[in-house]
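J.: Just passing along the structure, written as structure tokens.
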Amino acid sequence: MKQVIDGKVYNTETATKIANWWNGCGYGDLDYCAESLYRTKKGQFFTAGDGGPRSKYSESTGQNSWSGGEGIELLSESAALAWCEDHNIEAEVIAKHFNLQEG
């Protein structure tokens with residue numbers, strides 16, 4: 001997936017994939033949602049995902065009509081870390097991509 005945001009191209013094929021998340025709903029389900037967290041070579045984090053008509057990726061197709069969609073969202077480093085924590089990404093994966101201190 002590619003998307004231009006603020007004059008820059010974000011591409012899932014050239015960025016490093018850090019983690020995947022899926023909400024457990026089957027593809028085609030109204031609530032289906034899946035995302036992956038990426039980091040560009042320049043260090044920008046982003047999520048790329050897709051989902052059904054009742055997901056955050058829904059798109060209006062007319063009056064009171066919705067379909068599934070897809071998109072990319074830029075994240076700060078702290079938001080990317082929070083995304084990992086919120087989606088129960090393994091500690092080893094988080095430690096590999098974020099500079100964290102032991103508690």
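The values are calculated or read from the model by the stated rules, or taken from the named source; none is laboratory data. Predicted, not measured: the structure shown is a model, and the values here were computed from it. Note that we place each Cβ from the backbone using ideal geometry, even for glycine, and neighbour counts take in every protein chain shown.
J.: What pairs can you find where one residue is in region 33-51 and closer than 14 Å to S76 by Cα, the other is part of a loop (DSSP other than H, G, I, E, B) and among the aliphatic types (A, V, I, L, M), and their Cβ atoms are less than 8 Å apart, with a gap of 6+ or different chains?
T.: Short answer, once both residue conditions are applied: L37/I89; Y38/A15; R39/A15; T40/A15; F46/A15.
J.: Could you tell me which of the residues S65, S55 is more than 15 Å from the chain's Cα centre (by Cα) and not β-branched (V, I, T)?
T.: On the way: S55 fails: more than 15 Å from the chain's Cα centre (by Cα).
When all the criteria are applied, what remains is S65.
J.: Determine which member of the set G26, G7, G43 is out of contact with any Leu (no Cβ under 8 Å at 6 or more places or on another chain), exposed (fewer than 12 other Cβ atoms within 10 Å of the Cβ) and within 19 Å of I94 (Cβ to Cβ).
T.: Going through G26, G7, G43 in turn, just one is out of contact with any Leu (no Cβ under 8 Å at 6 or more places or on another chain), exposed (fewer than 12 other Cβ atoms within 10 Å of the Cβ) and within 19 Å of I94 (Cβ to Cβ): G43.
J.: Condition check: surrounded by fewer than 14 Cβ atoms within 10 Å (Cβ to Cβ), of a type in the set (D, E, K, R) and not in a strand (DSSP E or B). Does K17 satisfy that? Break it down into steps so the answer makes sense when it comes.
T.: Details: surrounded by fewer than 14 Cβ atoms within 10 Å (Cβ to Cβ): yes; of a type in the set (D, E, K, R): yes; not in a strand (DSSP E or B): no.
Considered against the rule, which asks whether it is surrounded by fewer than 14 Cβ atoms within 10 Å (Cβ to Cβ), of a type in the set (D, E, K, R) and not in a strand (DSSP E or B), K17 comes out as no.
J.: Can you pull out every residue in region 50-103 that is of a type in the set (S, T, N, Q) and loosely packed, with under 11 Cβ neighbours inside 10 Å?
T.: First, pick out the residues of region 50-103 that are of a type in the set (S, T, N, Q): 55, 58, 60-61, 63-65, 67, 76, 78, 88, 99, 101.
Result: Q63, N64, S65, S76, S78, N88, N99, Q101.
J.: Okay, moving on. Please give the number of the condition F98 fails out of (1) in contact with a helix residue (DSSP H, G or I) (Cβ under 7 Å, 6 or more places away or on another chain); (2) at pLDDT 95 or above.
T.: (2)
J.: Among residues belonging to region 54-95 that are under 29 Å from G7 (Cα atoms) and among the acidic types (D, E), point out the one that is modelled with the lowest pLDDT.
T.: By that ranking, first place goes to E59.
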